[in-house]
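Notes follow once the structure below has been shown.
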Amino acid sequence: MTRQIGCLLLAAALCALTGCGGAAEVSSDGETSQAASSAVQTTQETEEIASSTQQVFAMDTYMTVTAYGDQAEAAVSAAVEEIQRLDALWSVGESDSEISILNDSGSILLSEETAELVERSLTLYQETEGAFDITIYPLMVEWGFTSGEYQVPTQERIDELLELVGSYKLEYDAETRQLTLPEGMAIDLGGIAKGYVSSHIMDVFEEYGVVSGMVSLGGNVQTYSTKTDGSLWRVGIENPDTTVEALSNVDYVGILSVEDKAVITSGGYERYFEEDGVTYHHILDPATGSSARSGLLSVTIVSEDGTLADGLSTSLFVMGKERALEYWAAHSDEFDAVLVEEDGSVTITGGLKDCFESDLDYTCVEN
Ligand code: ADP
Ligand code: MG
């Protein structure tokens, strides 16, 4: 048992740092602290394999990179450099990032990498029928999710800002990579960037001949190969709400055993505030301009493609269970999902049948 727990990746971090076992704790200003997921691995079997771990704070969260192999240290250092480089490229909080320059100037020739992520975002916008929309940013600002100065905007103000939302309004030329925003519009890659980063680190690992590794980017985990003893990585899905009766007795919704997979969770509990007894969180429904209220507490996506997994965790959270399962049915070769509803019901998709364990009752849907 002790060993099992030692091998767990605690997919939502706070717990890993504080030893608590449930939903993330809320600090006095009502904002959840984003902290690192962390991997704890027993060392018995790995003594002869060099390993390296580094923690870094980037993209508003603690990130942990771990690698095993002869060049483990160089691999982890290179990965951390890449994290910092991509953070500087896409941060909306830094005025000289490529995205800030675009948002300020209204038009830019995108770098190749930014273009790649913008194109993935635009594809997801279409495929999710607008549930995933990087142009939601003006509303993120208005609600105060970017500054921490939270406020509930009037419906009039929300309607006004919704005029600036809709990725179809962007002018993008894939040949030249020129992106132009109509007046007042702004974009934010926060719903997908961390997944791109974790996928990218898998390429860095490959380049450095890493034999086993993982990254944990504040609740987003991506694993490289198996653990060094050949067993699967075990990734815990954080309990999104211990006040829900059905979830009150478990530390984790479940544990996924995986190799070469991203396991990425989105939930309303990650960043939120309360006003007049109502909770508002940081995943907005582009159809309403307010926090998505789809009946889900969290969505976990499992996929080899970290970028897709991150984009879809946000999207399926917005869609709600019914639409999410329809979406999965049409794309079941690309990803699997674990959905947790407000009443604590847990649904997993067919591809996870043999790799999901839970103390809770759950339903498995097949395609
Ligand atoms: P986190 O990054 O907190 O782990 P998500 O991957 O779900 O969680 O991303 C949430 C972020 O995505 C928000 O902070 C915001 O920047 C952006 N976002 C919010 N709503 C949407 C949406 N409907 N489509 C695209 N991006 C969104
Ligand atoms: Mg996401």
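The values are calculated or read from the model by the stated rules, or taken from the named source; none is laboratory data. Small disclaimer: the values here were computed from a predicted structure and weren't measured. Cβ placement follows ideal geometry from the backbone for every residue including glycine, while neighbour counts extend to all protein chains displayed. All accessible areas refer to the heavy atoms of the entire protein, side chains included, with ligands and DNA or RNA removed. Shrake-Rupley method; radii C 1.70, N 1.55, O 1.52, S 1.80 Å.
Projected onto planes of every orientation and averaged, the convex hull of the alpha-carbon atoms in the stretch 223-309 covers 7.3 nm². Under a Gaussian network description of the chain, with springs only between Cα atoms under 10 Å, the residue in Val65, Val204, Val221 that fluctuates furthest is Val204. Using the Cβ of Trp233 as centre and a radius below 13 Å, the other residues enclosed give a net charge of 0, where K and R count +1 and D and E count -1. Helical runs assigned H by DSSP (4 residues or longer) give the chain a calculated mean residue ellipticity at 222 nm of -9000 deg cm²/dmol, each run adding -39500 (n - 2.57) before division by the residue total. The mean accessible area for residues of the chain, using a 1.4 Å probe and ignoring ligands and nucleic acids, is 42 Å² per residue. Where does the Debye-calculated log10 I(q)/I(0) of the stretch 115-225 sit at q = 0.17, 0.24 Å⁻¹, using only Cα point scatterers of equal weight, no solvent? With no solvent term, the Cα-only Debye profile gives -0.93, -1.27. Evaluating 6.51 cos²θ - 1.76 cosθ + 1.60 at θ = phi - 60° for every residue in the stretch 166-179, the Karplus couplings come out as x, 4, 5, 7, 6, 9, 10, 10, 5, 5, 9, 6, 7, 10 Hz, glycine and proline recorded as x.
Simple rule: put +1 on each Lys or Arg Cβ and -1 on each Asp or Glu Cβ in the stretch 43-134, find the dipole, and look at Val76, Thr128, Ser52; the Cα lying farthest toward the positive end is Thr128. Please work out the Cα convex hull volume for the stretch 191-274 and give it in Å³ per residue. Taking the convex hull of the Cα positions in the stretch 191-274, it is 89 Å³ per residue. Note on Ser231 and Arg323: the model spin-label points, each 7 Å out from Cα along the C-beta direction, lie 4.1 nm apart. Relative contact order, whole percent, for the chain stands at 18, derived from Cα pairs under 8 Å and 6 or more residues apart.
When the chain is treated as a GNM with alpha-carbon contacts under 10 Å, the residue of Val250, Val235, Val80 showing the greatest mean-square fluctuation is Val250. The stretch between Glu245 and Ile101 holds 47.1 nm of extra length on full extension. This uses 0.36 nm per residue minus the Cα-Cα distance. Across the stretch 226-367, the relative contact order, built from alpha-carbon pairs under 8 Å that are at least six residues apart, equals 23 percent. Ile101 contributes an accessible area of around 80 Å² to the protein surface, as traced by a 1.4 Å probe with all chains present. Here is the size of the chain from its Cα atoms: Rg then Dmax, 19.7, 64 Å. Note on the chain: Lys pairs 8 or more places apart or on different chains, Cα atoms under 29 Å apart, count 11.
Positive contributions from Lys and Arg (+1) and negative ones from Asp and Glu (-1), summed over other residues with Cβ under 12 Å from the Cβ of Val365, come out at -2.
The local environment of Leu217, defined by Cβ-Cβ distances under 13 Å, has a net charge of -4 under the rule Lys, Arg +1 and Asp, Glu -1. Gyration tensor analysis over the Cα atoms of the stretch 47-97 returns equivalent ellipsoid semi-axes of 27, 10, 5 Å (largest first, whole Å). Note that the stretch 253-260 has calculated 3J(HN,Hα) couplings of 5, x, 10, 9, 9, 9, 9, 6 Hz, one per residue in order, obtained from phi through the Karplus relation 6.51 cos²θ - 1.76 cosθ + 1.60 (θ = phi - 60°); glycine and proline are x.
For the stretch 89-167, just say rounded, prolate or oblate: build the C-alpha gyration tensor, square-root its eigenvalues into a ≥ b ≥ c, call rounded for a/c under 1.5, and beyond that prolate if a/b exceeds b/c, oblate if not. Oblate shape, in that a/c is at least 1.5 and b/c is the bigger or equal ratio. In the assembled protein chains, Arg120 presents an accessible area of approximately 80 Å² (probe radius 1.4 Å).
Directionally averaged projected area (the stretch 264-342, Cα convex hull): 5.1 nm². The figure for Tyr362 is an accessible area of roughly 90 square angstrom, using a 1.4 Å probe on the protein chains alone.
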